[in-house]
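Notes for the one structure printed next.
Coordinate-derived values only; no laboratory data. Since the structure is predicted, the reported quantities are computational estimates derived from the model, not experimental observations. Using ideal geometry, Cβ is built from the backbone for each residue, glycine included, and neighbour counts are taken over all protein chains shown.
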Amino acid sequence: MPELESTAPQVRAFAERTAVNTPIQGSAADLIKLAMISIHRWISAEDVPARMIIQVHDELVFEVDEGAVETVRDRVVELMEGALDLDVPIIVESAWGSNWAEAH
């Protein structure tokens, strides 16, 4: 990033923030993709009454049969928290509702 050597403070500061943030954002993206693969395999292998329908940044949104919400939630949290073996814990929060707005 040649901007790191800029004499313009704003340009250099932006480059510094980008240099620090990019590996973090990339790692988070990799982490959620690994979790999505595990969750998809689980849903497919066990014929779980749920569908992963969208990813929004670091969130996954599912359609789940009403009677399976707690079981799916517990397993999804487990798979997301265990997607990658790290020295720091990954903490996953979950919520549900009849639509995305209700879940928030």
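For the reader, a short list of remarks on this structure follows.
- Convex hull volume per residue in cubic angstrom - Cα atoms of the chain: 128 Å³
- Over the chain, dividing the summed -39,500 (n - 2.57) contributions of all DSSP H runs of at least 4 residues by the number of residues returns a 222 nm mean residue ellipticity of -17500 deg cm²/dmol.
- Segment 19-58 shape via C-alpha gyration tensor axes, a/c threshold 1.5: prolate
- Counting other Cβ atoms within 10 Å as a rough exposure proxy, the listed residues 14, 62 run 14, 62 from fewest neighbours to most.
- Using only side-chain charges placed at the Cβ, +1 for Lys and Arg and -1 for Asp and Glu, the dipole size of segment 29-104 relative to its Cα centre rounds to 220 debye.
- Computed from the C-beta positions of residue 6 and residue 31 and an R0 of 41 Å, the FRET efficiency is 0.80 to the nearest 0.05.
- Distance (nanometres) between label positions extended 7 Å along Cα→Cβ at residue 22 and residue 70: 4.7 nm
- For the options 86, 31, 60, a Gaussian network treatment of the chain with springs between C-alpha atoms closer than 10 Å singles out 86 as fluctuating the most.
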